[in-house]
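Notes for the one structure printed next.
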Amino acid sequence: METPAIQIDNLSFRYDEPLVLEDVNLCLHRGEFACIVGPNGGGKTTLLKLLLGLLEPTRGTIQIFGASVASARGQIGYMPQHAALDRQFPVSVLDVVLLGRLTGRLAIGPYRKADRAAAHAALDSVGLTSLAQRPFSDLSGGQRQRVLIARALVCNPRLLLLDEPTANLDRIVQDDFYALVRELKRDISIVMVSHDLGFVSKEVERVICVNREVHEHPTRELTGDALAHIYGTEMRMIRHDQEQPHRHEQEPA
Amino acid sequence: MIEFLTALGQHEFLQRMVICALLASVSCGVVGSFVVVRRISYLAGSIAHCVLAGMGAAGYLNKVHGVNITPMVGAVVAALVAALIIGLVSLRAKEREDTVIGAVWAIGMAVGFLFIHKTPGYNQDLMSYLFGSITLVGMSDIVLLAVLDLVVVVTVLLFFNPLVAVCFDEEFARLRGIHVEFWYLLLLCLAALTVVLLVSVVGIVLVIALLTLPVAIASQFSRKLLTIMILATVVTATLTLGGIVVSYRPGWPASATIITLAGSVYLIVLMLKRLIRARPSA
């Protein structure tokens, strides 16, 4: 059998005292698209950081393509929340994408021709070729998001980890983003953290609910009961009130 | 101006001043840009004030114990030690970062002040350390400063990409396998060496303005880091030389003149930019 993209066994994690994640078991096959959902403080970001190797598990193991997280790092493309980056930093769109070509090996002097070509190709795949020389700070939220995807793609990853990729995007930009992800999905395994359950049910194959413990719902079972499990009853009421009418408004167009 | 040029030909101290200013300008523009975009001018300020400990200790060892060491050498050692302490605190410590850095700032000054107090003729030294004096820099120091300048500029040019990566998005750099701690400490050490170069021109207290204002001025005209570095270098050279020329005839302190000039130019640039931007819509 093919080694899975992600294999998590009996994983637990704590920062200080209470466990943030408890006894997590998870297996993501190659080419699968999974979405991590759950309440704030439930451990979504912690799980992502463990997958990235930014945190070490308290107990249990994580394997990525059958190897340790540290040795698989080169095969992981990561897109952080763009809101966390300094808007005033003087850097061009191309420069941002080129950061994805850096490795731990000491490279002296300017970027190589091959790096620049790869960066242009990645920008092309997200439809931003014409903005390559523009300052990163000039771009809209949706454009910045796509630049960060290009940066995640430029190292030819086999696994893509996306942190809240649709946060702060308006509906139309979100749809563009989903179309792009659908395009990518053919040959890359994708894990994204999201609050956007409307998107979850449409595009994602697996929904992983993180609230200290991890439960999985096949997307077709993502009903009110499942949502209640993820967010608690109160949240379900709010979610439903916001999500349902909103989607009805959008779909006829 | 002509009067100044004539004097420049005659007086060796003026020549030293001009050489120091030009040397400092290069690393000031290059490293100052990183300090500003990474928003660590507070750290640089703390490093600058720790320099007093090194200068005080060097002065004390020299005058009281006859050790052959100049204040500038002491400054280099103190700045590097301070950069490493502050860098490690900023990276590792669980304490509130600003509390510790503020404390290091003051402790550096306190230690320096104690050494100076124990050194005969301390009053004059203290003033020149704090507010700059060309008497601090001998011809032998010029060689030291030139070497520092070369080290700083060559290091930045060779390792520009990882430095930008660590400054712009530390977490992503870490994921790419870049040794973030190493590059961050290196950047602080480069800032420390730049601070020493600037102390030779304007003194400890005024360093932070000269490290940041030329970059602030330059970034009004460009949003490319490399361009900002080049512009900031030209701006620093212009401001420091301008300050030296302006202050010469009335006999003002050059350091204070340079900083006041830098602040004025920054404000004028901001106002002009606002005026130009307002015009088309009016």
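A short reminder: the numbers here are calculations on the coordinates, not readings from a lab. Nothing here was measured: the structure is a model prediction, and the numbers come from that model. All Cβ positions, glycine included, derive from the backbone under ideal geometry; neighbour counts span all protein chains shown.
Remarks
- Dimensionless Rg over Rh [segment B:111-188; C-alpha; Kirkwood]: 1.21
- In chain B, helical runs assigned H by DSSP with n ≥ 4 each contribute -39500 (n - 2.57); averaged across all residues and rounded to the nearest 500, the mean residue ellipticity at 222 nm is -28000 deg cm²/dmol.
- Secondary structure note: in the protein assembly as shown, about 55% of the DSSP beta bridges are antiparallel.
- Debye-sum result for the protein assembly as shown in log10 I(q)/I(0), which assumes one identical scatterer on each alpha carbon, at q = 0.09 Å⁻¹: -0.77
- Taking the empirical scaling 2.2 N^0.38 Å for compact globular proteins as reference, segment A:1-93 has a Cα radius of gyration ratio of 1.22.
- Here segment B:67-104 and segment B:219-263 have alpha carbon centers that stand 27 Å from each other.
- Per-residue Cβ neighbour counts within 10 Å put B:Val152, B:Val166, B:Val195, B:Val269 in the sequence B:Val269, B:Val152, B:Val166, B:Val195, beginning with the fewest.
- Relative frequency of Cα-Cα separations exceeding 17 Å in segment B:197-282, percent: 50
- Using only Cα coordinates, the Kirkwood hydrodynamic radius of segment B:130-282 works out to 17.4 Å.
- One decimal place: the segment A:Ala179-A:Ala117 gains 19.9 nm when fully extended, by the rule 0.36 nm per residue minus the C-alpha distance.
- Taking Lys and Arg as +1 and Asp and Glu as -1, the other residues whose beta-carbon sits under 15 Å from that of B:Ala165 total 0.
- Gyration tensor (alpha-carbon) shape descriptor, segment A:87-189, a/c threshold 1.5: oblate
- Extension reserve of the B:Gln124-B:Ala106 stretch, reckoned as 0.36 nm per residue once the Cα distance is removed: 4.4 nm
- Whole-Å semi-axes of the ellipsoid equivalent to segment B:61-101 (Cα gyration tensor, √5λ, descending): 31, 9, 7
- Normalising by residue count, segment A:38-77 has a Cα convex hull of 86 Å³ per residue.
- Equivalent ellipsoid semi-axes - Cα gyration tensor, segment B:11-138, angstrom: 26, 21, 11
- Each of A:Ser12 and B:His117 was given a label point 7 Å from its Cα along the Cα-to-Cβ line. The distance between the two points is 5.6 nm.
- Long-range amide H partners of A:Val193 with built H, under 5 Å: A:Ile36, A:Leu162, A:Asp163, A:Glu164
- Segment B:249-273 residues near the modelled B:Ala7 label - backbone nitrogen below 12 Å, point 7 Å along Cα→Cβ: B:249-254
- Segment B:217-231 - phi-based ³J(HN,Hα) in whole Hz, Karplus 6.51/-1.76/1.60, Gly and Pro as x: 5, 4, 6, 6, 10, 8, 10, 10, 4, 5, 5, 4, 4, 5, 4
- Interatomic Cα distance distribution for chain B, bins of 10 angstrom, percent: 7, 28, 34, 22, 8, 1, 0
- Gaussian network model of chain B, Cα within-10 Å springs - most flexible of B:Ile142, B:Ile217, B:Ile178: B:Ile178
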